[in-house]
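The values are calculated or read from the model by the stated rules, or taken from the named source; none is laboratory data. In this text, all values refer to a predicted model and were calculated from it rather than measured experimentally. Cβ: placed from backbone, ideal geometry, glycine included. Neighbour counts: every protein chain shown. Heads up: the accessible areas ignore ligands, DNA and RNA and are worked out on the full protein's heavy atoms, side chains in. Shrake-Rupley method; radii C 1.70, N 1.55, O 1.52, S 1.80 Å.
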Amino acid sequence: INIVAWTPLSKTQHSSVELKSDANFSYIRDQIMVPICSFELQGAASQMPLFFVKDGNSVKVMGLMGLQSKTNLFINPEGRWESPFFLPAVFAAYPFQLAKMEDKGHIILFDDDGKNLAESGLGNRLFDDDQNETETLISYTRILTKIGESETISKAACQLLVEFNLLQ
């Protein structure tokens, strides 16, 4: 399991941050399961086996990326994603994720450990000189919004499967 120290995204703290344009997925090399969002079910089902997993009192749809522990078949030795047709949304959104706040709102968290950061002038900035969101950050925000909306839909759909005893 990769432990990530997530930091709330901040215009002041991350004003000069630049992301590498070429994604490296080495951080998930040992991961063999991935959560699948409702909007990506069709694409996921065409590329990997899907299954349901119980998570506390709820059920989630997951994709299987490997058959042996710590062997992700979708990541090549250079850390590149091997499927040209499907990339799970949670990986497409990385190095960002949404966190729920106590007031029911959300906050964007950022993994700023350095492996996704580019040297100044060589990457895609998150904020422009006036601290406005760049197109890079806006595109990440869009996918995070879709993931958040999907969680509500998936949770309700999976709850119906449980209520009608359709899962063993």
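Worth pointing out:
- Looking across the stretch 5-15, the residues that are in contact with a Phe, Trp or Tyr (Cβ under 8 Å, 6 or more places away or on another chain) and either open to solvent by less than 60 Å² (accessible area, probe 1.4 Å) or polar (S, T, N, Q) (or both) come down to T7, L9, H14, S15.
- Any hit, the stretch 69-84, residues being in a loop (DSSP other than H, G, I, E, B), without any contact (Cβ under 8 Å) to a residue 12 or more places away in the chain and open to solvent by less than 80 Å² (accessible area, probe 1.4 Å): yes
- Residues that are assigned to a loop (DSSP other than H, G, I, E, B), open to solvent by less than 60 Å² (accessible area, probe 1.4 Å) and over 14 Å from L9 (Cβ atoms) were ranked within the stretch 114-168; the one that is modelled with the lowest pLDDT is G114.
- Residue count for the stretch 43-56 satisfying the condition of being open to solvent by 40 Å² or more (accessible area, probe 1.4 Å) and either hydrophobic (A, V, I, L, M, F, W, C) or within 27 Å of T136 (Cβ to Cβ) (or both): 6.
- Condition met for V59 (part of a strand (DSSP E or B), buried (at least 18 other Cβ atoms within 10 Å of the Cβ) and among the aliphatic types (A, V, I, L, M)): yes
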